[in-house]
Protein chains: 2
Amino acid sequence: MSEERIWTAALVIIGDEILSGRTQDKNVSQIALWLNLQGIRLAEVRVVPDVQDAIVEAVNTLRARNDYLFTTGGIGPTHDDITVDAIAAALGVPVVIHPKARSVLEGYYATRGGLTEMRLRMARVPEGADLIENRMSGAPGIRHGRIFIMAGVPHITAMMLDALSGTLEGGKPLLSDTLGCWVPESEVADILSATEKAHAACQIGSYPFFREGRVGANFVIRSTDRQALDICVAALADALAGAGKETVAGGI
Amino acid sequence: MSEERIWTAALVIIGDEILSGRTQDKNVSQIALWLNLQGIRLAEVRVVPDVQDAIVEAVNTLRARNDYLFTTGGIGPTHDDITVDAIAAALGVPVVIHPKARSVLEGYYATRGGLTEMRLRMARVPEGADLIENRMSGAPGIRHGRIFIMAGVPHITAMMLDALSGTLEGGKPLLSDTLGCWVPESEVADILSATEKAHAACQIGSYPFFREGRVGANFVIRSTDRQALDICVAALADALAGAGKETVAGGI
């Protein structure tokens, strides 16, 4: 029996606005959820400033040890948009104008003042790249082999992800179920640990909360195997019931 | 004239729940904003899974090249809380029970079922550490030299940051002003670039948006020098006005 192949992706978020605290990132969670539907696990994320060396280091480290690499941010027309140059440098290829990107932008800006030199910046890609469709603003995302260069604005990223759905090879999606319980997690920590140990195909995460003046926790059970997951969830609910703790299926 | 010293921090977010997309991170922005008030710049962020090797690699790489290192997550009482062990491994020190943390937890759990073995896990620290106060739940944060080990739950992290306010050496805070403009950023990209080049002490970021059926952008000007910042903001507003683009002070 060979071990099941797990497909992984890494994400590099490029943007001073995230590191300054000005902008709340929303791409990590939407990309993570989307990847899981493709059977790919988000394995690590880095947030780096708009500095070429920092982008190159992150891209080269992470693409070497993951099946796929995604980036968000820095693909607009302004001087602080340096993602394409940085990724081309990381790959050791020149930056070229993509003919289809140019023609898409020409069409988009035909009624919006024309395709200026600054706007043409959005047609620049690392040599060898394909485009990822963006119906929203004309400026496409970019695919270069296993690297996916996406917008920073979350709803544009969402459309680019949509355009990519079903095109990436992956494995089994990670399934999860949640049991909620009005209990301090410290009171049942030994039950969680023993249940996880007894179910090798599953991981159990414990996420405490404080709500309505009471403490509780959600226990998230994860596995790529539906049957193993169901058995583990039932075993955990039984063990907690045995300790007098009622659980809520689906979480609280 | 010596160049101004810039103090930097890195942040390692430890948590499968962020990488799975289940939980939306809120610590990056609150820690970034808090750091800036201390005169410290958030230089890089990594999100890593609940896996010791991944935590050790991130901690050792980032503490070597930043003044401070913060972590969030993984300091609770359950089996998936491995942050303290991982950081002790990264530092090459043993894990010990901190006597003050034990007594704080004893007090907290006196009326809550007593300090069990699992709960005592929350008093474990890398040898040589001090505590960071947490009025909320009894479980303290941990300071080890330039490393700060914080909770994952954002409002507990906020209280730990509050307890640390004014205790870290930093430099001048990065100041910022925003000009909003109902214009596609591609139309004024050359003005932004030229203005930034003419004001060496400032950086200009451009953040486009789509709202009320119209496109616009906020231009964020950043500097540690108040006077240089004011001059740059005025110059940018003038240059945009000269191109027939009205700006909104403070952003849109």
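Laid out as a table, the results:
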read-out	value
Peptide B:210-219 - average C-beta neighbours from other chains (10 Å radius)	1
Alpha-carbon centroids, the stretch B:67-83 and the stretch B:162-213: separation in whole Å	32 Å
Apportionment of accessible area to carbon and sulfur, the stretch A:1-153, percent (1.4 Å)	52 percent
Contact order normalised by residue count of chain B, Cα under 8 Å, 6+ apart, percent	17 percent
Label-point separation, A:Ala198 to A:Gln52 (7 Å along Cα→Cβ), nm	5.9 nm
Solvent exposure, largest accessible area first (probe 1.4 Å, DNA, RNA and ligands not counted), of A:Ser29, B:Ser165	B:Ser165, A:Ser29
Dimensions (Å) - the stretch A:69-143, Cα atoms, principal axes, largest first	36, 23, 20
Folded to 0 to 90 degrees: helix B:185-198 orientation relative to chain B principal axis, Cα	80 degrees
Surface accessible to a 1.4 Å probe, per residue, for the residues of chain B, Å²	43 Å²
Pseudo-label separations to other copies for B:Arg5 - Cα-to-Cβ vector, 7 Å, nm	5.3
Averaged over A:72-79, number of beta-carbon atoms from partner chains that fall within 10 Å	6
7 Å along Cα→Cβ, label-point gaps from A:Glu127 to other copies, nm, shortest first	5.6
Gaussian network model of chain A, springs between alpha carbon atoms under 10 Å - residue of A:Lys197, A:Lys26, A:Lys172 with greatest fluctuation	A:Lys197
Most mobile of B:Gly152, B:Gly242, B:Gly74 in a GNM of chain B (Cα contacts under 10 Å)	B:Gly242
Cα Rg over Rh - the stretch A:175-249, Kirkwood	0.95
Cα lying deepest toward the dipole's positive end in the protein assembly as shown, options B:Thr83, B:Ala237, B:Gly213, charges on Cβ	B:Gly213
Exam field: A:Gly166 pseudo-label spacings to other copies (7 Å along Cα-Cβ), nanometres	6.1
Convex hull projection area averaged over all views, the stretch B:145-186, Cα basis, nm²	6.1 nm²
When the convex hull of its Cα atoms is projected in every direction, mean area for the stretch B:1-85 (nm²)	6.3 nm²
Semi-axis lengths, Å, the stretch A:94-252, gyration tensor of Cα atoms, sqrt of 5 times eigenvalues	50, 18, 11
Residue mean of other protein chain beta carbons inside 10 Å, B:36-45	4
Share, in percent, of DSSP beta bridges within the protein assembly as shown that are antiparallel, nearest 5	65 percent
For chain A, built as a Gaussian network whose Cα springs stay under 10 Å, the top-fluctuating residue of A:Ala228, A:Ala194, A:Ala32	A:Ala194
Between A and B, accessible area buried - total, square angstrom, nearest 100, 1.4 angstrom probe	4200 Å²
Where the Cα pairs of the stretch A:1-145 fall when distances are cut into 10 Å bins, in %	11, 37, 36, 13, 2, 0, 0
Percentage of interatomic Cα-Cα distances in the protein assembly as shown larger than 41 Å	25 percent
Longest exposed-site-free window of chain B, the sites being GluC sites (Glu not before Pro) in a DSSP loop that have at most 14 other C-beta atoms within 10 Å	B:5-126
Solvent-accessible area lost in complex, 10 Å² minimum, residues of the stretch B:47-67 relative to chain alone, 1.4 Å	B:Val47, B:Pro49, B:Glu57, B:Arg65
Closest-to-axis residue of chain B (Cβ criterion, axis taking B to A), whole Å	B:Arg46, 3
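The values are calculated or read from the model by the stated rules, or taken from the named source; none is laboratory data. All values reported here derive from a predicted model rather than from experimental measurement. Ideal geometry is used to build each Cβ from the backbone, glycine not excepted, and the neighbour counts take in all protein chains shown. Note: accessible area is taken over every heavy atom of the protein model, side chains too, but ligands, DNA and RNA are not part of it. Shrake-Rupley method; radii C 1.70, N 1.55, O 1.52, S 1.80 Å.
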